[in-house]
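The values are calculated or read from the model by the stated rules, or taken from the named source; none is laboratory data. Only a predicted model underlies this, so the values are computations on that prediction, with no experimental measurement involved. Please note: Cβ atoms are built from the backbone with ideal geometry, for glycine as well, and neighbour counts cover all protein chains shown. Ligands, DNA and RNA are stripped out before the accessible areas are found, and what is left, the full protein with its side chains, is counted by its heavy atoms. Shrake-Rupley method; radii C 1.70, N 1.55, O 1.52, S 1.80 Å.
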Amino acid sequence: MIFMNETNLSLKYLIDQLHKEQTLTKEEWITLIEGRTPELSEYLFSLAREERHRYYGYDVYVRGLIEFTNYCKNDCLYCGIRKSNGNAHRYRLSEADILKCCKEGYELGFRTFVLQGGEDGYYTDERIIHLIRIIKERYPDCAITLSIGEKSKDSYQAYYDAGADRYLLRHETYNHEHYRKLHPPNLSPEHRQQCLRDLKDIGYQIGCGFMVGSPYQTSEHLAEDMLFMKELNPHMIGIGPFIPHHDTPFAGESAGTLELTLYMLGLIRLMIPKVLLPATTALGTIHPKGRELGILAGANVVMPNLSPTEVRKDYLLYDNKICTGDESAQCRHCLEMRMKSIGYQVVTDRGDSLNI
């Protein structure tokens, strides 16, 4: 039994309201985020699991992540592959490398491939389109997800016409002042948010998201993120704790916490019950059982790495990233056992969002 004092009871009322109405005001979000306690979190997670089981049962969808380039033209202050990091060991996978990852992944039961990379000018629209077409020809029963940053609407349309199904583009933070503290002046929150709207207009299943505990972040910023995501109504939301990278301006900043990240996962599940919600690698990095705890907080997706092991250590957005030395089969087996240990099952499925 969860014991509640008077403050917790008023906050429990807000959680119940969110559960019922799937929305809160900005002030209510702030109150709920700032007033969280272990007892309140436990109550939230129990409701989040109920919603997750209602729509997705005990299935966990896997996405095969292929990190195909760590070149990037951008200079985001938190990112280990930022343009200014002269210590980054740069690489690009060849088409043959990428197709080998897909073949290996398909044989292991992956039915979604996520092509993720920095904003690398070498990968022109023509190259990306060719890659999408060839993967779709070989694996027509698989979904292709792109995570390659900000492009023009015409480029997004061309990728979609070639066969891309989904697009991941974290909005990072809705608050404009906060956004500018994390990014160089040439990047704007308005443009990034417009990209997400363009992608949705075209017909992609879209994913947005933010870092929890990024430098200068306040509970008001998180409340604004929740309001933005409610309005956008994406198919997937990817959040994870901010983890500093030693070769960035934020090297000395504190990491985001497991506790707040899990709490935000639970709140997101209640706000958009049918959304796809990953338990991220970053969660597994800050706690040995971070991904399991993420699933128990309402998540239903994991994204193991299919990239060749020799390049994984070079795609370091943050320090101490897990699974950089494991073979893909080891990653898949390890996740299966981890999910089984908490009563969930990894399934071979495209895992499309029900939030349509």
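Tabulated data for the structure shown
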read-out: Rounded to the nearest 20 debye, dipole of region 245-356 from Cβ charges on Lys, Arg, Asp, Glu; value: 400 debye
read-out: Largest to smallest accessible area among Tyr179, Tyr71 [probe 1.4 Å]; value: Tyr71, Tyr179
read-out: Above-threshold pairs, the threshold being 20 Å between Cα atoms, out of Lys100/Lys321; Lys151/Lys181; Lys73/Lys181; Lys83/Lys181; Lys289/Lys321; value: Lys100/Lys321; Lys151/Lys181
read-out: Pairs of alpha carbons in region 41-165 whose separation is greater than 20 Å (percent); value: 54 percent
read-out: Listed pairs Lys200/Lys274; Lys313/Lys340; Lys274/Lys340 exceeding 26 Å between Cα atoms; value: Lys313/Lys340
read-out: 222 nm mean residue ellipticity, helices alone, for the chain (DSSP H n ≥ 4; -39,500 (n - 2.57); rounded to 500); value: -14000 deg cm²/dmol
read-out: Charge dipole of the chain about the Cα centre (unit charges at C-beta), most positive-ward option of Pro241, Ala329, Phe113; value: Ala329
read-out: Accessible-area ranking of Leu168, Leu182, largest first, probe 1.4 Å; value: Leu168, Leu182
read-out: Whether region 110-266 is rounded, prolate or oblate, judged on the alpha carbon gyration tensor where a/c under 1.5 counts as rounded; value: prolate
read-out: Cα-based Kirkwood hydrodynamic radius, region 205-271, one decimal, Å; value: 12.7 Å
read-out: Computed FRET value (nearest 0.05) for Asn186 with Glu137, which takes r as the C-beta separation and R₀ as 41 Å; value: 0.65
read-out: Cα-Cα pairs of the chain separated by more than 28 Å (percent); value: 40 percent
read-out: Accessible-area order (highest first, 1.4 angstrom probe) of the listed residues Glu50, Glu28, Glu104, Glu137; value: Glu137, Glu50, Glu104, Glu28
read-out: Using a Förster distance of 30 Å, the FRET efficiency for Thr23-Asp201 (Cβ separation, nearest 0.05); value: 0.85
read-out: Within the chain: Cβ-based charge dipole about Cα centre, in debye rounded to nearest 20 (Lys, Arg +1; Asp, Glu -1); value: 560 debye
